[in-house]
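Here is the structure we will look at, set down as structure tokens.
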């Protein structure tokens, strides 16, 4: 049987019927093509439950042998909407999903693609989240705050393949490079580079046009990672939140500058044995305060960095 016929049959057999089993979303999900093979959808800047949970980005790459998806959004309903966009571009099945990191707004849609038969690929650190009480507590909370799109049928999907070092694979004539970054923004972070397109899907280690959410991040390691990514070889950069960067190198630099400033201000406070509140109020946040999510995230970010730098100072 010819390869083209076989692939067509596989697509028919493996693609789910175009009938959603999930409560429909009403958000405006626009598809953007950034290169010959690469596409993405971009959520609206905000806190986790804004915009029906559509606050993060997800992308996909179309090859001659199937689709590779990057991240799966914050609910099965959103992931289904993404799947419908993919279906409009190609009848190829989704065969792999690369997860940048296990945070709720990036993984709650995984079940849509897993049920299609896709292989889930994630960085080491995924099980630190999956096996923690936080993962179940967060899911229960989102079943309330994002009902009906996150509900009792929503489940956490573990990875099929764990990445803990640089990894590459080819599919349908396209080469993919997975860069394992260790604990940067989360317990484990990973980027996806599409070689022929020179497109980087960065996940949440780079934010474009909004204040990052630091959470439990190792900001020292995060800064080191960003310094290594400042390169002029990229044709496009799709961050975890915000639009694709018109200036990829600048997007890396802006995220790095924000984190560096947090560490400089909070590090000085720790060195001087200042209290957090006084140090925060005295800091000049003017260069960042007009960015989306500043009001929701900045003070919490600064406090997290203050605590982590106290721990660093104590050698913990």
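Checking residue 74 against (1) in contact with a strand residue (DSSP E or B) (Cβ under 6 Å, 6 or more places away or on another chain); (2) part of a loop (DSSP other than H, G, I, E, B); (3) in contact (Cβ under 8 Å) with a residue 60 or more places away in the chain: exactly one of these is not met. Which one?
(1)
So, residue 139, is that one under 30 Å from residue 220 (Cα atoms) and touching a strand residue (DSSP E or B) at 6+ places or on another chain (Cβ under 8 Å) or not?
Numbers: under 30 Å from residue 220 (Cα atoms): yes; touching a strand residue (DSSP E or B) at 6+ places or on another chain (Cβ under 8 Å): no.
So residue 139 does not fit the description; no.
Restricting to the range 266-286, count the residues that are in a helix (DSSP H, G or I) and more than 15 Å from residue 314 (Cα to Cα).
7
Can you tell me which residue in the range 225-248 is farthest from residue 305 (Cα to Cα), limited to those that are modelled with pLDDT under 85 and over 18 Å from the mean Cα position of the chain (by Cα)?
Here the answer is 233.
Determine whether residue 211 is at pLDDT 90 or above, within 25 Å of residue 50 (Cα to Cα) and not in a helix (DSSP H, G or I).
Values: at pLDDT 90 or above: no; within 25 Å of residue 50 (Cα to Cα): yes; not in a helix (DSSP H, G or I): yes.
Answer is no for this residue.
Working only within the range 165-189, note down all residues that are in a loop (DSSP other than H, G, I, E, B), in contact with a strand residue (DSSP E or B) (Cβ under 6 Å, 6 or more places away or on another chain) and touching a residue at least 24 places away in the same chain (Cβ under 8 Å).
Within the range 165-189, 172, 184, 185, 188 meet the criteria.
Quick one: how many residues across the range 287-316 are within 27 Å of the chain's Cα centre (by Cα) and in a loop (DSSP other than H, G, I, E, B)?
Matching residues across the range 287-316 total 7.
Quick one: which residue in 219, 255 is out of contact with any strand residue (DSSP E or B) (no Cβ under 9 Å at 6 or more places or on another chain), at pLDDT 85 or above and crowded, with 17+ Cβ neighbours inside 10 Å?
Values: 255 fails: out of contact with any strand residue (DSSP E or B) (no Cβ under 9 Å at 6 or more places or on another chain).
Selected residue: 219, the only one of 219, 255 that is out of contact with any strand residue (DSSP E or B) (no Cβ under 9 Å at 6 or more places or on another chain), at pLDDT 85 or above and crowded, with 17+ Cβ neighbours inside 10 Å.
If I ask for residues that are over 14 Å from residue 202 (Cβ atoms) and in contact (Cβ under 8 Å) with a residue 60 or more places away in the chain, which ones from the range 218-237 would you list?
Passing the criteria: 218, 219, 220.
Please tell me if residue 115 is surrounded by 23 or more Cβ atoms within 10 Å (Cβ to Cβ) and part of a helix (DSSP H, G or I).
Answer is no for this residue.
Please name all residue pairs, on different chains or six or more residues apart, with Cβ atoms under 8 Å, provided the first residue is in the range 118-132 and is closer than 8 Å to residue 102 by Cβ and the second residue is part of a helix (DSSP H, G or I).
Going by the 8 Å Cβ cut-off, the qualifying pairs are 129/135.
Residue 300 fails exactly one of the following numbered conditions: (1) under 19 Å from residue 179 (Cα atoms); (2) surrounded by fewer than 13 Cβ atoms within 10 Å (Cβ to Cβ); (3) in contact (Cβ under 8 Å) with a residue 60 or more places away in the chain. What is the number of that condition?
(1)
Kindly provide the set of residues from the range 169-203 that are within 30 Å of residue 311 (Cα to Cα), modelled with pLDDT of 85 or more and surrounded by 22 or more Cβ atoms within 10 Å (Cβ to Cβ), ordered by number.
189, 190, 191, 202, 203, listed by residue number.
Among the numbered criteria (1) modelled with pLDDT of 95 or more; (2) outside any helix (DSSP H, G or I), which single criterion is violated by residue 84?
So residue 84 meets the others, but not (2).
Under the condition of being touching a helix residue (DSSP H, G or I) at 6+ places or on another chain (Cβ under 7 Å) and buried (at least 24 other Cβ atoms within 10 Å of the Cβ), which residue from the range 93-104 is farthest from residue 238 (Cα to Cα)?
94
Starting from residues that are without any contact (Cβ under 8 Å) to a residue 60 or more places away in the chain and not in a loop (DSSP other than H, G, I, E, B), keep the ones in the range 21-35 and report whichever is nearest to residue 46 (Cα to Cα).
31
The values are calculated or read from the model by the stated rules, or taken from the named source; none is laboratory data. If you're wondering where the values come from, they're calculated on a predicted model, not measured in any experiment. A quick note on method: Cβ atoms are made from the backbone with ideal geometry, for glycine too, and the neighbour counts reach across all protein chains shown.
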